[in-house]
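Written out below as structure tokens is the structure these notes cover.
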Amino acid sequence: MRTLRLGPVPMRSRLIGLCLTGMVLLLIAPPVQAQQTDTTQLPEIAPREIEIRGERQIALPSLERQPLTGFTTPPAVPTVPPDHRPYTGTYDQPLDGLPESLPVPESVASSMAPTAEPAQGYLEGGSGRYFSRFFEGRVGVPVSPRSRLSVHGAYTGTEADPNDDVAEARVRLQHTQDAVRVDAMAHGNVQRYALYGASPLRPSIAEVPDRESYSAGGAVQVRRTTPNAPARATVRYDQTEYTSHFDPATSEQTYSQQQLGLRGSATAPVPYRPRVQAQYRRSWLGEDPQTQTAYDADVSGTVSYSPIESVSIEAGAAVLAFDTPARPARSNAGSVGATFVAPVVDAEWRVNGGTRLFLRNQPRLGDTALDALYATNPYAQHAPSLRPTLETTHAEGGLTLTRGPVRMKAAAGYRYAPTYRYFNRAGQGAYQGLYRVRYDAARILEGRGEVALQGVDGVQASLGLSVRDGTLPDVDGPIPNFAAVTADALVTVSFAGGDGFLKAHGEFHGPRDAGLARTVRLDPYVSIDLEGTYAVGADLELVARAEQLSPDSPTLWANYPQPVAELSVGLRLQW
């Protein structure tokens, strides 16, 4: 084994080391002495070059400080052409293509799922002139985060002519699941009113005839709101009964209708987007619903085409048909029916963002429900024939302009109906002054204009004016109770920071004949309704109404003037 011994360093080696150290100090010292102290700048802590004399030379790259504002490149600003103008026009999206709510992915946690809306509702009531009274209430309760139940009830009554009482109730359940929405509804209605304009033919009859009605029913609708293939289906059932008291010496007269309705539409997600719409209604009438039956159907199919981006065309055909008893009060009177095929056209040219030209023809099959007929004219005869108004031509062309918050429309149209429902002043039983329901072919020329104010905070307004001419070719005369000039206006204003609300609605009908004989001509009908609310507390509002404001008794149907200036006040409780 070898042992390494370390001895003292020789003196010569020490001298050599001291000499080398001195030479290095001599090389470094002069630049250090020549350097001036600068306190205005940060010291250079990144040496540019380090040199070691020897067999090797090592050069390090220069280092620079990073900017204090960050290390990323500033974002680029896009260049906008000087002639660029933003798009400010309206965008048309079919309502069927809009989802009711955004779908929630299955992977989303339960805390992110939609929560149920709180219970909301109101209850109001009041009274006023002519011992008028009104009560109304509505409440909405969430059943689940996707379902809501609402209940609505209302009652109105007055002791003036017309001596009228109406009560109605409605229950509705809504459920939304992604792109599918289900609506279920049940309703009921009762009404009693006097036929105060009917005059007896015999002096011995002194009582004023009256009429009572009730209706009940329900409907279920399912809608699929996906934009590429919207669809909907509805089934509805209603039962209506009217009882008329004409002659005290005879028994009351009752007429009823049961109606089942099916309706649906669907659009296929293929080129040209073919669309099919169908409606079918089946009715059972009178005291013998097994033999007194009626039906009506409306089926149409269209395809869409857009030759250029600003032009859209939808074209197709519709089949309209009906068959109903000619005189429901007589079982041996036979039936009347018809079937027609008519073109369907809906074309639009978007000239620019605020200007559009349109041309359309929409054949139409009117309502065949008994309560809808008496809602139009409460003083019609008992047990009328329920044929629909069937329009094979309902053509209209016009222009729509949008300039800021103002929207204007001007249009002209032509309508032809082989079967048109109108009301002719006549009598029934022991009374005269009622209206007989009649059907004939009709031609109508119409020009109309509309102006609407929209997008203004707290204010909405609209005005519509129509000038028209309606004739019955078979009888060579004007349509009874068909005014040549009509107008409709609506203004709503919110004030006091939303605590106050005011609505004004006006209606005008020009002079018109009450019947085919043209012996009675009605004066212009002018009526203005005002309604206002003001919050007097966090949950309490004052309600005031002034209805049928007119210089004279507004008369829409001959012999049946309405009371003037029906004033009422009340309270509304909200939660």
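Descriptive notes on the structure:
- Accessible-area composition of the stretch 406-558, carbon plus sulfur, in percent [1.4 Å probe]: 55
- Here residue 308 and residue 251 are evaluated by their C-beta separation; at R0 = 60 Å the FRET efficiency comes out at 0.30.
- Take the Cα of residue 446, step 7 Å toward its Cβ, do the same at residue 489, and the gap between the two points is 2.2 nm.
- Inter-site label distance for residue 226 and residue 476 at 7 Å from Cα along Cβ, in nm: 6.0
- A simple packing score, the average count of other Cβ atoms within 10 Å per residue, orders the peptides 311-319, 436-444 as 436-444, 311-319, with the highest score first.
- Label-reachable residues, the stretch 373-416, where backbone N falls under 19 Å from a point 7 Å from residue 291's Cα toward its Cβ: 383-386
- Highest-first packing order for the peptide set 269-276, 551-558 is 551-558, 269-276, based on the mean count of other beta carbon atoms within 10 Å.
- Taking only protein heavy atoms and a 1.4 Å probe, the accessible area of the stretch 224-315 is 56% carbon and sulfur.
- Summing charges over all other residues whose Cβ lies under 13 Å from the Cβ of residue 355, with Lys and Arg as +1 and Asp and Glu as -1, gives +4.
- Surface exposure of the stretch 293-404, expressed per residue as accessible area with a 1.4 Å probe, stands at 44 Å².
- R0 of 30 Å, Cβ-Cβ distance residue 340-residue 410: FRET efficiency to nearest 0.05: 0.50
- Excluding ligands, DNA and RNA, the accessible surface per residue across the stretch 470-567 is 50 Å² with a 1.4 Å probe.
- Accessible surface for the stretch 141-234, divided over its residues, is 49 Å² per residue with a 1.4 Å probe.
- In this structure, the amide hydrogen of residue 273, modeled 1.01 Å from its nitrogen in the peptide plane, lies closer than 5 angstrom to those of 304, counting only residues at least 5 positions away or on a different chain.
- Measuring only protein heavy atoms, the 1.4 Å probe finds residue 164 accessible over about 40 Å².
- Spacing of the modelled spin labels on residue 168 and residue 180, each 7 Å from Cα toward Cβ, amounts to 3.1 nm.
The values are calculated or read from the model by the stated rules, or taken from the named source; none is laboratory data. Since the structure is predicted, the reported quantities are computational estimates derived from the model, not experimental observations. So basically every Cβ, Gly included, is an ideal-geometry build from the backbone, and we count neighbours across all protein chains shown. The area values use the complete protein model at the heavy-atom level, side chains included, leaving out ligands, DNA and RNA. Shrake-Rupley method; radii C 1.70, N 1.55, O 1.52, S 1.80 Å.
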